[in-house]
Amino acid sequence: MFVIFLAAGHYEWWGYYALMATVGEVLGGYLAYRMSQKGGEATLEKKVGRLQAQKVYKLFERFGSITVFAGAILPPPFPFTTVVMTAGVMQYPRRKFLPALIAGRGLRFFAVAYLAKIYGRSMIAFFSRHYRQTMVVLIAMAVAAGIGALIYFLWVRPMKQRKLR
């Protein structure tokens, strides 16, 4: 998000912002990778649950570096920390992990910064002109999502749990 605002505001520095975001993400990802190497499976399963961890283990066994690369490109809410921790838990080789992480995060941040350089000013101008309408739409979407979550957690989910018993 900050890369977008910075590249849109100071478009001549877009490459620098993308590089710094990539470096920060790679350092953070490597730190999580190293910590999960020491923590083991119990740490990962405690964080994400056994079922989710098993799914990621299978992805790693089948695709390896492609899992890291694809996860590094995808934006939130994709649980990328789970992928990084799984690489550490499975003792995935650092010489394969780091290039995939650098390539994925680099591609993502350079693409975002470049697009912000090109379209950022016009997007900021658009939202500045239509501030009230944008806020009304965002608030309406948040209310609808809240109502949907209430319906799911108070009605749909309990019905599914009763059927499983």
- Query: Would segment 5-27 turn up any residue that is surrounded by 15 or more Cβ atoms within 10 Å (Cβ to Cβ), β-branched (V, I, T), at pLDDT 85 or above and more than 16 Å from A113 (Cα to Cα)?
  - Reply: yes
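Results for (1) in a helix (DSSP H, G or I); (2) in contact with a helix residue (DSSP H, G or I) (Cβ under 7 Å, 6 or more places away or on another chain); (3) within 14 Å of I102 (Cβ to Cβ), shown as yes or no for each residue.
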site: L19; (1), (2), (3): yes, no, yes
site: A32; (1), (2), (3): yes, yes, no
site: E45; (1), (2), (3): yes, yes, no
site: V56; (1), (2), (3): yes, yes, no
site: R62; (1), (2), (3): yes, no, no
site: P75; (1), (2), (3): no, no, no
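Does P77 qualify as being in the same structural domain as Y11 (by TED's automatic domain parsing) and either surrounded by fewer than 18 Cβ atoms within 10 Å (Cβ to Cβ) or in contact with a strand residue (DSSP E or B) (Cβ under 8 Å, 6 or more places away or on another chain) (or both)?
Details: in the same structural domain as Y11 (by TED's automatic domain parsing): yes; either surrounded by fewer than 18 Cβ atoms within 10 Å (Cβ to Cβ) or in contact with a strand residue (DSSP E or B) (Cβ under 8 Å, 6 or more places away or on another chain) (or both): yes.
Taking the combined requirement at face value, the residue satisfies it.
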- Message: Contact list please: Cβ distance under 8 Å, first residue in segment 104-133 and closer than 17 Å to F2 by Cα, second residue among the polar types (S, T, N, Q), pairs at least six apart or on different chains.
- Response: R105/T22; G106/T22; F109/T22; F110/T22; F127/T134
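Here is a list: R157, R95, R108, R132. Which entry is at pLDDT 90 or above and surrounded by 10 or more Cβ atoms within 10 Å (Cβ to Cβ)?
Criteria check complete, one pass: R108.
The values are calculated or read from the model by the stated rules, or taken from the named source; none is laboratory data. Here the structure is a predicted model, which is why all the values come from computation and not from measurement. As a convention, Cβ positions derive from the backbone with ideal geometry for all residues, glycine included, and neighbour counts pool all protein chains shown.
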